[in-house]
Amino acid sequence: MTHEFDMARSLATAAEDRGAAWVFIRGFVADWVKALGDDDGWDETDLVAAEERLGVQLPSALREAYLLFGRRRDLTSNHDLLLGPSELYVDEAGEALVFRHENQGAASWGIRLGELMDEDPAVFIRADLADKAAERWEGWLERLSLCFIEIVLSEALQADNELCDFLGDFDDDTLALLEQNCTRLPFPPCPSSEKEPGTRWFLGADVLLRDDGIALLARGRTEAALDSLRDLLPGDWLNDFR
């Protein structure tokens, strides 16, 4: 089956250009989830109110993402949480503007205050540690628009429906099958600050996959496509009740 949306080609362009990132998200959402609508973004007045409350100017990329799809929780908050404009805050150390939380509060994503004037600034992540003095903002992705692509793709894998599945125990043979039968997508690994390989994205036959090193997450465009992937990569898939 062929589709007008070429994920690999569109993603390669999006990884290099902020405007192309929004084109990619529009195309992916329309083809794999539900097309964006006119009411899916926050209003300009919401963003202005946030800026006035915080006393900072929001980066162009953050504004554009919020205006385009910021209200679509199925694209941003199935697992981790994208904060709304009224929830944005500066961390206690006064180092970063926080815009996203891990679902159990184990980490936060933010933009360094000194980079808010950049149109598409880098994104950092900070783990929530018992030793607060040891907490550090570490590199996540080099551009905010890339981070929003990662958010939309990752949250698509976490939807609570029959199109998503999770393989938490796999071996090198499974990875070999994945690499032989699926296309590695042109997206940088994250976190960018780690020396070890980060996440890897793959596209199979109507199936999107993320290799986290310790788990495989998958989403099919159809249930049949996801079933075919399970047959290709045998294992104890969490939602396989066949």
Labelled set (i) 17.3, 55; (ii) 18.2, 55; (iii) 19.7, 65; Rg and Dmax of the Cα atoms in Å computed from this model equals the value at (ii)
Per the charge dipole of the chain (beta-carbon charges, Lys/Arg positive, Asp/Glu negative, Cα centre), the residue among Ala12, Gly94, Cys164 reaching farthest to the positive end is Ala12
Rounded to one decimal in nm, the spacing of the 7 Å Cα→Cβ label points at Leu54 and Leu177 is 4.5 nm
Measuring from its Cα centre, the range 105-242 shows a charge dipole (+1 at each Lys and Arg Cβ, -1 at each Asp and Glu Cβ) which, in debye to the nearest 20, is 340 debye
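In whole percent, what relative contact order does the chain give with Cα contacts below 8 Å and a gap of six or more residues? Please report the intermediate quantities before stating the final value.
Details: 408 pairs, mean separation 37.3, N = 242.
The value is 15 percent.
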Output ordering of 216-229, 104-117 (per-residue mean of other Cβ within 10 Å, highest first) is 216-229, 104-117
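Kirkwood Rh, Cα Rg: Rg to Rh for the range 7-151?
Values: Rg = 15.0 Å, Rh = 15.6 Å.
Dividing the radius of gyration by the Kirkwood radius yields 0.96.
A short reminder: the numbers here are calculations on the coordinates, not readings from a lab. Since we're looking at a predicted model, the values are computed, not measured. Note: ideal-geometry Cβ built from the backbone for every residue, glycine included; neighbour counts use all protein chains shown.
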